[in-house]
Amino acid sequence: MKNIFFYQTDIGVLGIAESEDFITNLYFPGASVPSDAVVNETELLKEAGKQLQSYLSGRQQIFTLPLAPAGTEFMLRVWESLRAIPYGETRSYGAIALNLGNQKASRAVGLANNKNPIPIFIPCHRVIGANGKLVGYRGGLHIKEHLLALEKQYGIF
């Protein structure tokens, strides 16, 4: 059974879902949520909401939550690479592809990035175009820009 709970944040109402003691999804405003999800604030969701609010206020840089994104083996490798991008830093799609051992896979990295079911907790907002421009974000470029500005403001460089 998938539990979901919604949290009011400064970037809108975000839904966080968990199943079997793992965070499985984060939903931006306007996203469709599974019809079989039960609105139930479990202890894990309460902790995820707390960490999310702490992150959005600049008090937390690293999430300590059990995550279980569903995807292909390649997607899982990409998402693990995203989790390795330090707070306040960015990487290009090409750099991630190169890190995974296939510099020609930047488009595939982009597709995996787009399918990330747990944005923010898995920081796909830290991935930018090769020219340094912000490109694509499920929550909208304004949210991506907000998250990167937040990390720049509170990051230690």
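The values are calculated or read from the model by the stated rules, or taken from the named source; none is laboratory data. Predicted model only: the values in this text are computed from it and were never measured. With ideal geometry, Cβ positions are generated from the backbone for all residues, glycine too; neighbour counts draw on all protein chains shown.
A compact table of results
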read-out	value
Residues satisfying the stated conditions in region 106-130, i.e. part of a loop (DSSP other than H, G, I, E, B) and either free of Cβ contacts under 8 Å to residues at least 12 places away in the same chain or of a type outside the set (A, V, I, L, M, F, W, C) (or both)	Lys115, Asn116, Pro117, Pro123, Gly129
Given (1) over 13 Å from the mean Cα position of the chain (by Cα); (2) assigned by TED's automatic domain parsing to the domain that holds His125, index of the condition Trp79 fails	(1)
Residue ID - surrounded by the most Cβ atoms within 10 Å (Cβ to Cβ), chosen from residues in region 61-84 that are of a type outside the set (A, V, I, L, M, F, W, C) and touching a Phe, Trp or Tyr at 6+ places or on another chain (Cβ under 9 Å)	Pro69
Selection status of Gly12, loosely packed, with under 15 Cβ neighbours inside 10 Å and assigned by TED's automatic domain parsing to the domain that holds His146	no
Unique match (being without any contact (Cβ under 8 Å) to a residue 60 or more places away in the chain, crowded, with 16+ Cβ neighbours inside 10 Å and under 18 Å from His125 (Cα atoms)) among Gly94, Gly49	Gly94
Qualifying residue in region 11-26 (condition: assigned to a loop (DSSP other than H, G, I, E, B), of a type in the set (D, E, K, R) and within 19 Å of Leu148 (Cα to Cα))	no
Single residue of region 17-37 satisfying the filter (surrounded by fewer than 20 Cβ atoms within 10 Å (Cβ to Cβ) and among the aliphatic types (A, V, I, L, M)) that is nearest to the chain's Cα centre (by Cα)	Ala31
Sole residue being in a loop (DSSP other than H, G, I, E, B) and either over 28 Å from Glu20 (Cβ atoms) or among the acidic types (Asp, Glu) (or both), chosen from Gly58, Gly94	Gly58
